[in-house]
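The values are calculated or read from the model by the stated rules, or taken from the named source; none is laboratory data. Owing to the predicted nature of the structure, the values given are computational and were not obtained by experimental measurement. Virtual Cβ from ideal backbone geometry, glycine too; neighbours counted across all protein chains shown.
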């Protein structure tokens with residue numbers, strides 16, 4: 001259990017109180033810690049060395065205190081990291097993906113933190129041992145070599161041109177998610193060669209190619225870190241010569257790039273969290289003016305693929321299709337008046353994604369909180385689903401580069417089943433296992449029990465729970481439990497395999513995922529019932545799951561650790577305010593805990609696009625009251641709290657570093673217990689934390705050691 005703070009060598013830092021206040025809708029908000037927001041935060045986000053000296057001193061003092069408080073777990077952390085690393089295949093490779101005369105893949109060398117991007121002749125696919133180079137391999141990009149000497153390194157898109165002669169890649173060396181695009185020539189007989197394009201700064205990191213590979217499209221960020229401008233650049237020209245082909249004027253909308261599966265059309269998406277519209281450009285005619293498919297209508301969403309160049313196929317909620325349907329429209333006349341139905345809307349069956357191939361249509365859908373893949377033969381019209389037997393599982397599809405193919409690649413895993421990659425023949429229905437993730441230290445699925453449970457809420461809803469525990473773990477209320485949740489943006493938590501969590505499960509923890517409202521596990525309505533004025537349902541669902549796990553003997557009050565990141569960190573902050581006695585510990589990873597102040601400030605990154613998710617408290621008094629009612633920072637009170645570990649990043653553009661810093665400062669000044677309260681701020685990283693497949697384990701080791709220290713009798 002946690003030690004009283006006075007037994008820890010270092011004293012906790014106490015943030016200075018500098019009172020400030022804001023009055024809105026007749027309510028005065030008091031904020032003693034607003035000074036932790038650097039007035040020059042934009043510069044500090046891009047260059048953490050520019051962070052205000054007093055703020056830096058406070059964050060570094062918190063880091064030193066965290067190090068001191070966790071010093072007695074140093075050996076345990078090292079043991080956990082070594083254990084988790086032993087479950088990772090150091091020499092590893094993805095299944096090669098065919099494109100024309102080549103197959104493209106990535107692999108890792110022993111000890112390598114970052115992927116090596118490679119290609120080989122198509123005929124060599126399947127001719128090498130797992131993780132080993134294929135015959136005739138060319139190294140296109142060596143991530144480890146690119147990362148050398150950089151304090152931070154993260155790759156965005158790595159995308160070869162249609163003529164296979166060039167490679168575009170994007171990198172972020174600050175953690176701010178502002179990527180620089182580079183383009184290199186690919187020597188047909190060797191590695192990638194010289195850069196053939198001056199670097200393009202301040203982009204989203206995604207690119208699109210014209211059909212001939214001579215024109216590049218990309219999106220840049222504005223001063224508020226909003227992707228809003230699409231550019232066309234002839235390869236080799238300086239970025240100053242790029243042509244602006246689309247600019248989004250609505251500050252609530254983001255812009256993105258894509259292409260159809262056939263690669264006939266490049267797509268420009270504009271969207272917020274409730275509305276979207278798409279423009280297209282023929283890839284063979286990059287100089288063409290982007291053409292609108294259907295204008296934006298508030299609340300209408302659609303995404304686009306093309307069917308043999310004759311029709312666009314649209315996944316949409318148009319026509320009150322809450323759980324979406326598939327429609328099509330002629331490419332020549334794609335406006336809404338010409339849309340006709342292909343796959344009808346079925347309430348409770350949420351269509352998540354779709355892909356068009358020459359002879360088959362594929363859709364990913366979810367029903368009864370589980371995913372499935374449905375394939376339609378375009379000639380016969382016959383549908384069939386790819387079936388799975390597990391009680392809980394995760395499923396994804398990888399459409400690949402090719403259009404005229406009968407092969408669909410999909411990825412399958414379950415909490416006790418390491419990832420499996422299959423190639424599926426959509427015509428013969430034969431499935432071939434191409435790869436199963438290896439766990440070098442050994443893994444026996446028979447040692448674990450996976451359950452799909454449901455907890456009934458006070459308003460009659462049934463919240464799915466994915467539960468994993470060792471078969472020898474007693475179900476008598478004595479086990480500690482790590483309860484994870486997210487519940488926002490319609491993002492569903494997959495029941496997927498994670499090798500790291502077994503370091504807790506093998507030590508007696510029950511691992512649970514609460515599939516709460518705000519995600520789409522039970523259809524779009526599940527999402528709608530956890531956003532805007534119904535956001536409190538998200539927190540009530542999580543609390544109800546915690547209670548249910550106690551009632552059924554999987555754990556007990558005070559033995560549960562609440563865990564969530566970003567919007568899931570808001571969840572953690574809200575539930576420990578509301579029901580602190582249920583939880584013995586809380587992990588808040590880059591937590592969105594100062595939601596009210598952030599949603600009131602339209603100068604912050606991403607705020608206007610977030611209003612459809614949370615509400616606009618500037619203009620809407622009811623939205624103001626709703627957010628104020630649950631905002632973790634606003635609702636810290638003089639009560640006992642569980643032990644808390646909070647993680648932040650100075651370069652984070654999504655949840656700015658001062659949100660968790662202010663929350664921890666107010667908690668420390670207000671709470672009535674002496675349980676551990678720690679803040680770990682990455683001074684040169686952002687929302688994703690530490691980059692690299694092994695470096696990231698250091699943070700997981702810290703989190704797991706914290707949980708073992710707080711929720712078990714010893715740290716042995």
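Some observations on this one:
- When residues in the range 23-46 are screened for being outside any loop (DSSP other than H, G, I, E, B) and at pLDDT 95 or above, 10 of them pass.
- Scan of the range 248-300 for residues that are in contact with a strand residue (DSSP E or B) (Cβ under 8 Å, 6 or more places away or on another chain), more than 26 Å from residue 156 (Cα to Cα) and assigned to a loop (DSSP other than H, G, I, E, B), ordered by number: 288, 289, 293, 294, 295, 296, 300
- Per the listing 595, 567, 638, the residue uniquely modelled with pLDDT of 95 or more, crowded, with 24+ Cβ neighbours inside 10 Å, within 30 Å of residue 67 (Cβ to Cβ) and in contact with a helix residue (DSSP H, G or I) (Cβ under 7 Å, 6 or more places away or on another chain) is 595.
- Residue 168 being modelled with pLDDT of 95 or more and part of a strand (DSSP E or B): yes
- Within the range 280-301, the set of residues being more than 17 Å from residue 611 (Cβ to Cβ) and surrounded by fewer than 19 Cβ atoms within 10 Å (Cβ to Cβ) comprises 282, 284, 285, 287, 288, 289, 290, 291, 292, 295, 297, 300.
- Some residue of the range 274-289 being in the same structural domain as residue 256 (by TED's automatic domain parsing) and over 19 Å from residue 245 (Cβ atoms): yes
- Cross-chain or 6+ apart pairs with Cβ under 7 Å, the range 494-510 first and assigned by TED's automatic domain parsing to the domain that holds residue 79 and over 18 Å from residue 693 (Cα atoms), then at pLDDT 95 or above and assigned to a helix (DSSP H, G or I): 504/704; 504/707; 507/708
Matching residues to (1) assigned to a helix (DSSP H, G or I); (2) within 23 Å of the chain's Cα centre (by Cα):
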site: 527; (1), (2): yes, yes
site: 562; (1), (2): no, yes
site: 576; (1), (2): yes, no
site: 585; (1), (2): no, no
site: 592; (1), (2): no, yes
site: 598; (1), (2): yes, yes
site: 603; (1), (2): no, no
site: 612; (1), (2): yes, yes
site: 618; (1), (2): no, no
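- Checking each residue in the range 578-613 for being under 16 Å from residue 483 (Cβ atoms) and either out of contact with any strand residue (DSSP E or B) (no Cβ under 7 Å at 6 or more places or on another chain) or outside the structural domain of residue 546 (by TED's automatic domain parsing) (or both) picks out 578, 579, 580, 581.
- From 425, 444, residue being in contact with a strand residue (DSSP E or B) (Cβ under 9 Å, 6 or more places away or on another chain) and under 30 Å from residue 131 (Cβ atoms): 425
- Restricting attention to the range 419-430, the residues that are within 20 Å of the chain's Cα centre (by Cα) and either crowded, with 19+ Cβ neighbours inside 10 Å or at pLDDT below 95 (or both) total 0.
- When the range 492-506 is filtered for residues that are more than 19 Å from the chain's Cα centre (by Cα) and buried (at least 19 other Cβ atoms within 10 Å of the Cβ), the ones remaining, listed by number, are 502, 503, 504, 505.
- Checklist (1) under 26 Å from the mean Cα position of the chain (by Cα); (2) assigned by TED's automatic domain parsing to the domain that holds residue 204; (3) surrounded by 15 or more Cβ atoms within 10 Å (Cβ to Cβ) applied to residue 264, failing item: (1)
- Selection status of residue 655, under 18 Å from the mean Cα position of the chain (by Cα), surrounded by 19 or more Cβ atoms within 10 Å (Cβ to Cβ) and assigned by TED's automatic domain parsing to the domain that holds residue 558: yes
- Looking at 395, 433, 408, just one residue is under 29 Å from the mean Cα position of the chain (by Cα), assigned to a strand (DSSP E or B) and loosely packed, with under 14 Cβ neighbours inside 10 Å, and that residue is 433.
- Number of residues in the range 318-330 that are touching a residue at least 40 places away in the same chain (Cβ under 8 Å) and in contact with a strand residue (DSSP E or B) (Cβ under 8 Å, 6 or more places away or on another chain): the value is 2.
- Looking only at residues in the range 482-491 that are on the phi > 0 side of the Ramachandran plot and touching a strand residue (DSSP E or B) at 6+ places or on another chain (Cβ under 7 Å), the one that is surrounded by the most Cβ atoms within 10 Å (Cβ to Cβ) is 487.
- Scanning the range 79-93 for residues that are without any contact (Cβ under 8 Å) to a residue 60 or more places away in the chain and either within 17 Å of residue 497 (Cα to Cα) or buried (at least 21 other Cβ atoms within 10 Å of the Cβ) (or both) returns a single hit, 93.
- Those residues of the range 212-228 which are surrounded by fewer than 19 Cβ atoms within 10 Å (Cβ to Cβ) and in contact with a strand residue (DSSP E or B) (Cβ under 9 Å, 6 or more places away or on another chain), in sequence order: 213, 214, 222
- Residue 523 falls short on exactly one of the conditions (1) farther than 20 Å from residue 646 by Cα; (2) surrounded by 19 or more Cβ atoms within 10 Å (Cβ to Cβ); (3) out of contact with any strand residue (DSSP E or B) (no Cβ under 7 Å at 6 or more places or on another chain), and that condition is (3).
- With respect to the stated conditions, residue 49 is loosely packed, with under 15 Cβ neighbours inside 10 Å, at pLDDT below 95, part of a helix (DSSP H, G or I) and within 32 Å of the chain's Cα centre (by Cα).
- In this entry, residue 13 passes the filter for residues that are in a loop (DSSP other than H, G, I, E, B) and touching a residue at least 24 places away in the same chain (Cβ under 8 Å).
- In the set (1) part of a loop (DSSP other than H, G, I, E, B); (2) crowded, with 19+ Cβ neighbours inside 10 Å; (3) within 20 Å of the chain's Cα centre (by Cα); (4) modelled with pLDDT of 95 or more, the condition left unmet by residue 479 is number (3).
- Sole residue being assigned to a loop (DSSP other than H, G, I, E, B) and at pLDDT 95 or above, chosen from 211, 240: 211
- Flag for residue 205 being crowded, with 18+ Cβ neighbours inside 10 Å, on the phi > 0 side of the Ramachandran plot and not in a loop (DSSP other than H, G, I, E, B): yes
- Residues located in the range 30-64, provided they are touching a strand residue (DSSP E or B) at 6+ places or on another chain (Cβ under 7 Å) and in the same structural domain as residue 657 (by TED's automatic domain parsing): 59, 62, 63
- The set of residues in the range 344-361 that are without any contact (Cβ under 8 Å) to a residue 40 or more places away in the chain and within 16 Å of residue 371 (Cβ to Cβ) comprises 346, 351.
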